[in-house]
Structures are given as structure tokens and as C-alpha cells.
Amino acid sequence: MKKAHLFYTVFLLVTTSLFAQEPLLVNTYNRNTTSLSGAWNNIIDPYENGFYNYRYEPFENQENPGNGAFFMNAKAQNPQDLVEYDFDKMDTLQVPGDWNTQKKELLYYEGTLWYKKSFDYKKSENDNRVFIYFGASNYETDVYLNGKKLGKHIGGFTPFNFEVTHLLREKGNFLVVKVDNKRKKEGVPTLNTDWWNYGGITRDVKIVETPKVFIQDYFIQLDPKDNKKIICKIKLNGDQKSSKKIRVTIPELHINSEFIANEEGCIDQEISAQNIQFWSPAIPFLYDVQISVDNETLTDQIGFRTIRTKGSDILLNNTSLFLKGISIHEESPMRGGRGHSKEDALQLLTWAQELGCNYVRLAHYPHNEHMVRLADKMGILVWEENPVYWTIDWGNQDTYANAQNQLSEVITRDKNRASVIIWSMANETPTSTARNTFLNKLATFTREKDPTRLISAALEQSNYNGNPLIRTISDPFASQVDILSFNQYIGWYDGPVEKCQTIQWQIDVDKPVLISEFGAGAKYGHTGNRDQRWTEDYQEYLYQETLKMIDPIEQLAGFSPWILIDFKSPRRVLPEIQDGWNRKGLLSEKGEKKKAYYVLQEYYLHKK
Ligand code: GCU
């Protein structure tokens, strides 16, 4: 192995260990859990005074952190004691939930905020194990239980958990969480994004209790190469996990199989099955699947389908389909702020389905798990995206390790969801050698981790052989992806709407083409003539002309216009029109349908 490659491999091992969390618990929704949702005390700490001493040394690196460290949840024991904080007298924030939309003074806050939750906990079985699971927390999260550091997680949109079996008390536990949402050049995403930097514990927090040896992870999906075979990979966690008997039952397929775990507590089997009802948008059939070990049974609802490309076709269960999509940011309709609940997910996906969509692009980061579990049930295909967005610090190995870790965590969480068909590596990233290397590595990693799904990214487009009237995709990463996707804004950022009538698209690659974004801004209720920017009429006209322009693209396999609903962005400040909102939604932030909504709905209604 060449020296440089060896160095890189060692370096990656070291840096990924920075981001390697404890093994992720999958399917917490069907485990023995206790919710920690609700009111958590909080301290706003822009100077990180609760983390560093006055010499800017982390308290947690000191033998005795003393009363200055917020994670000690200190209380004055006698009149002489100096304690300059008291969580229990502080205000509270709701968890899950971003802080920005809970308090006016936090709307633009970017910095550290501490949360504290006190709780009692008695295990149901004495030798069970206990974990604390976070659905997500944006962006850098340090977690402490009863004054002891559990660990750190970097990344704002993927789950993580820590084992607390030996730290937990029956009475008087205090969980202290430091969340820092400062944007960083080396972050993923980096400094510049076109969405609100919602900080905080933005998704569910749960106590998960498991047997001593438990089912940590599993992958149960149809074999892409043989739709009469079900891949069955299961991983146990615990000391005596080897040679354990693992039973897999799928009653409606008359499957009731028992396997013996290997030395590492794993099985990797294929189960034959006849007359499988394949999952599809038309018939989103989910099978009840049970996995049992000793006295633990973990259930899930899993759809079986295959997805692949053939030339410019996307084949779902070997049938070509057109992806009638829409892009969606994870914002709670009506309530505002980061979406996190089943109700938020149901509202967003119902609006997408009413629009005529069979597909959604969850931009630009992994959304909460309710979205993909509901998409499974509703029969909506899903593009999930890693927040490798715009000008990432491509040469920074830690940045790569962070991007890979976040991608790994969402694949671990969602790899059993039939609705998820595309893993997107990135969005609108400027081409360079460093960027191509970064994305190629991510694609290779993704294919190794999940060879059953398709890979894409919003690629760069340009003039065809220098001709400004013919557009094409000229992006080195196009050779690595299964689906060619790109964002185009002719008529908004690129000339008047009439320009759509002069442009042709020439894409000389025999792969499916998915236009991942097009759109225009319009303030709901602001109407006028169609040449007047920001009117609903302009947006409607752009949709009409764009659909005419792209319909003839022979490899066109679908698109996901930008975007279902207006969303908050600090970049959008035009008074009386934007006021902190990106107005490209087909719906206003109150769910009011703009004229362009009906153009797209009509197109999807008649699109085969
Ligand atoms: C870009 C980007 C989006 C952004 C949109 C816009 O294509 O991908 O994140 O919001 O354009 O400018 O509205």
C-alpha cells in the first residue's frame, strides 16, 4: 500500500473515531423506551462560561471540574459556597424543538445553550441495559449524565445514543446537554446555507432499556438481484452474543426461520419467499417483521421492493416510473421552526400527495424518522440528502469524516425503509479536484454500506460546447452517480421566463435525469402581471414555461421543484415580500396555495 494511501487510511481511522459514536440503536419506536420530551431548564451561554474556566481550559479536562462547570448541576451546600448558576431556577424550553422559535431573544441566536433534565428511572429488569437516544441535535452536542461526560456528537440531523447502564441512579438523575449551533467553515453544512440555522435538541430524546444481549441493528430487504429472496442481516450487542439463536418471522410470507449467530453475534442470511406483495406507491404494502432473541422481540413494518436504473429508466420492481416530486425543507407547517413530530410529517406529506406527488426530495439534510416511516405507509418515494451543501471545506479530512459519519448514521437509521430509494451525496457543490475526490469517496462509502439503493447529487450544469442556447450537465461526479440530477433556475436567477422558450437541453449520458430544483419566488396574494417578479402570476408563468422546456428531455425521469412551502432563511430580507422567508413555495407558510401550485398539480395529474 502506497505511503500516502496508508497515511490517509490511518488518518481516516483516527478522524472517523472522532465522529464514531457508540453503535446506533435502530428502530427505537418499537423498543422499551421512556420519553424525555417536555420542559428542560436551560442556560444561554454565548461565552461558554459553563464549559471553559477563565483561562479557557475545558472544565471537563480537570480532575475536579468544580462549581463552575454547568454539567455538574451544582447547588450551594452552605452559605459560603460560590455557585453562579442554578438550572432549577432557570427558564425552560420544550424538547424536542429548536430554540429559535420558542423565545424571541433566541430567533437569531447562534452559540451554546445548555439544557438540563432531571429524572428518576427504575429498570424493569435488574440486569437490563439502558441507553439515552437523541433523534438529532443541531449542531455540536456534548452530553453529561450525573456530572459524567457521555460523549459528543457533531452533525445536526442524525441520531446518536450513549449507554448509561452504570451511571444511572433510581432517583435524582440529571442529564445536562450542551448544544452549540455556531456555523463553521469546516462544518457539514459549512458557513453558508439558504435555510434557518435552527439550534437545539430538535428531535425526540428517549431512555431505551434493552436486555443484556439485544438486537442492535438489522437489514431486512429484498435482494436486488433476486426478488424471491430476502436479505437478512442482524447484529446483536452484548457480552454473550455469539451462538445466540435468532428467530425471524414474517407471518404473511409464512417465514419463521431460526439462525445461530456467529462469534460476533451476527447473522447474514437469505430467506426464500414466494408471492411477495411488492411495495410501491400504488400498493405501499408493509409486512410485519419480528426478530427474536432470548426474551426480546423487536417488530418492524417493512416494505419489499427493488429499485434500479436501466439506461435512462428508473425501475421500481422492474417497472419504469416517473418521479412526480417536490422538494421539502424540514419546517413545521403552521407552527414554524424545525419539524419533528408525526403531525408535522403527516401535514407535509399529505400536501405533497394532494399535489399529485409520488416522490419527495427531503432537502438538504436527513429529516426526522417520522417522515420516512410515514412515506413507507403512504407510498411516497424519498430522496434523502447529506448536508454537503455549497462551499464545503473539501480539503479538510475532519470535514470528510464528519460528512461520512452523518451519511453513515442516516443509512443505518433508514436502510429498512422501502420508500427511501436515493441517497444524495451533495447539493450544488462547485467542481474542483478536492470536491470530486470528496464526493467520490462518499459515493464509494455509500455503495459499500448500502448497495441496494441509488446514488445521486444536485450536479453542476453548463452550456453545451459553449453554446449558450443548449444546456447540459458537465460535472465529473456525473460518472459516479446512478441518477443525473441538477438544479436549474432559468427564468429566475438566469434571465427572464421567456428564456425557457430559447433553451434546449442536450445530455449525452444514458442515465435517468432528475431535475432536483426549479422555481420562482412569489408572495401569496401578491398578484399582477406575469412579468412582475414576486407575483403569483410570474411564478405561475415560470412553471408553465419550465414544464414546456424540460418535457422534451428524453432521459427525463422526474423532477422535484423548489419547493413545497415558503421557508425561513436569513438570506431573504426583501421587505414586504420576503421578510426572512424564501418565497419559492407553492404554498405559503400558512398552507395557502399559490397559482403555480395548480399548474404543477395539473401536469402531474396527466403525466404517465
Ligand atoms: C439553490 C439551493 C436551495 C436554495 C435555492 C434558492 O438551488 O439548492 O437550497 O434555497 O437555490 O435560491 O431558493
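The values are calculated or read from the model by the stated rules, or taken from the named source; none is laboratory data. For clarity, every value in this text was computed on a predicted model and none was experimentally measured. Cβ placement follows ideal geometry from the backbone for every residue including glycine, while neighbour counts extend to all protein chains displayed. Heavy atoms of the whole protein, side chains included, go into the accessibility calculation; ligands, DNA and RNA do not. Shrake-Rupley method; radii C 1.70, N 1.55, O 1.52, S 1.80 Å.
Structure summary
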{"read-out": "Quotient of Cα Rg and 2.2 N^0.38 Å for the stretch 253-346, N being how many residues it contains", "value": "1.52"}
{"read-out": "Virtual spin-label span in nm between residue 342 and residue 90, 7 Å along Cα→Cβ", "value": "3.2 nm"}
{"read-out": "Cα-based convex hull, the stretch 214-307, per residue volume (Å³, whole number)", "value": "89 Å³"}
{"read-out": "Rounded to whole Hz, the Karplus (6.51, -1.76, 1.60) HN-Hα couplings of the stretch 349-359, x for glycine and proline", "value": "6, 5, 4, 5, 5, 5, 6, x, 7, 10, 7"}
{"read-out": "Chain lengthening between residue 227 and residue 608 when straightened (0.36 nm per residue, less Cα-Cα)", "value": "134.6 nm"}
{"read-out": "Calculated log₁₀ intensity ratio I(q)/I(0) where the Debye formula runs over C-alpha points of the stretch 158-278, q = 0.13, 0.16, 0.18 Å⁻¹", "value": "-0.83, -0.94, -0.99"}
{"read-out": "With Cα atoms, 0 to 90° folded angle of helix 433-449 axis to the chain main axis", "value": "70 degrees"}
{"read-out": "Net length gained if the chain between residue 256 and residue 185 were fully extended (0.36 nm per residue, minus Cα distance)", "value": "20.4 nm"}
{"read-out": "Helix-derived mean residue ellipticity, 222 nm - over the chain, DSSP H n ≥ 4, -39500 (n - 2.57), to 500", "value": "-5500 deg cm²/dmol"}
{"read-out": "Per residue solvent-accessible surface (Å²) - the chain, probe of 1.4 Å", "value": "40 Å²"}
{"read-out": "Listed pairs 310/377; 548/594; 75/178; 212/245; 75/171; 116/148 exceeding 22 Å between Cα atoms", "value": "310/377"}
{"read-out": "Accessible-area order (highest first, 1.4 angstrom probe) of the listed residues 367, 606, 526", "value": "606, 526, 367"}
{"read-out": "Hull-based mean projected area of the stretch 317-606, where the convex hull spans the alpha carbons, in square nanometres", "value": "14.7 nm²"}
{"read-out": "About the Cα centre, charge dipole magnitude for the stretch 419-509 (Lys/Arg +1, Asp/Glu -1 at Cβ), debye", "value": "200 debye"}
{"read-out": "DSSP beta bridge pairing in the chain, given as percent antiparallel to the nearest 5", "value": "75 percent"}
{"read-out": "Surface share of carbon and sulfur [accessible, 1.4 angstrom probe, percent] for the chain", "value": "50 percent"}
{"read-out": "Gyration tensor verdict on the chain (Cα atoms; rounded if a/c is under 1.5, prolate if a/b is larger than b/c, oblate otherwise)", "value": "oblate"}
{"read-out": "Shape of the stretch 513-608, Cα gyration tensor, a/c cut at 1.5", "value": "prolate"}
{"read-out": "Area of residue 334 that stays accessible when all protein chains are in place (1.4 Å probe, Å², to 10)", "value": "120 Å²"}
{"read-out": "Extension reserve of the residue 80-residue 299 stretch, reckoned as 0.36 nm per residue once the Cα distance is removed", "value": "73.3 nm"}
{"read-out": "Solvent-accessible area of residue 428 with every protein chain in place, 1.4 Å probe, in Å² to the nearest 10", "value": "60 Å²"}
{"read-out": "Exposure ranking of 60, 331 by accessible area [1.4 Å probe, largest first]", "value": "60, 331"}
{"read-out": "Net charge dipole size for the stretch 503-608 [Lys, Arg +1 and Asp, Glu -1 on Cβ; Debye, nearest 20]", "value": "300 debye"}
{"read-out": "For the stretch 102-144 and the stretch 166-181, distance of Cα centres in Å", "value": "7 Å"}
{"read-out": "Relative contact order of the stretch 214-307, defined on C-alpha pairs under 8 angstrom at six or more residues apart (%)", "value": "30 percent"}
{"read-out": "Prolate/oblate/rounded call for the stretch 426-514, Cα gyration tensor, a/c under 1.5 rounded", "value": "prolate"}
{"read-out": "Spatially proximal aspartates and glutamates relative to residue 607 (Cα-Cα < 12 Å; intrachain offsets below 8 disregarded)", "value": "551"}
{"read-out": "Accessible area, probe 1.4 Å, largest first, for residues 319, 399", "value": "319, 399"}
{"read-out": "Selection from 248, 328, 585, by position along the positive dipole direction of the chain (Cβ)", "value": "248"}
{"read-out": "Tilt relative to the chain, helix 369-378 - C-alpha long axis, 0 to 90 degrees, to 10", "value": "50 degrees"}
{"read-out": "0 to 90° range, to nearest 10: angle between helix 536-550 axis and the chain longest Cα axis", "value": "70 degrees"}
{"read-out": "J(HN,Hα) series, the stretch 415-426, from Karplus relation 6.51 cos²θ - 1.76 cosθ + 1.60, nearest Hz, glycine and proline x", "value": "5, 9, 8, 4, 5, 7, 10, 10, 9, 9, 7, 5"}
{"read-out": "Part-to-part distance (alpha-carbon centres) for the stretch 40-65 and the stretch 365-429, which is given in Å", "value": "33 Å"}
{"read-out": "Antiparallel bridges, percent of DSSP beta bridges restricted to the stretch 317-606 (to nearest 5)", "value": "20 percent"}
{"read-out": "The stretch 31-210 - Kirkwood radius from inverse mean 1/r over Cα pairs (Å)", "value": "16.9 Å"}
{"read-out": "Dipole in debye (nearest 20) - the chain, about Cα centre, beta carbon charges: Lys, Arg +1; Asp, Glu -1", "value": "420 debye"}
{"read-out": "Of 415/590; 511/608; 511/568; 149/235, pairs whose Cα-Cα distance is over 25 Å", "value": "415/590; 511/568; 149/235"}
{"read-out": "Subset of 104/342; 117/233; 184/584 violating a 32 Å alpha-carbon distance limit", "value": "117/233"}
{"read-out": "Estimated inter-spin distance, residue 532 and residue 242, nm [label 7 Å along Cα→Cβ]", "value": "7.7 nm"}
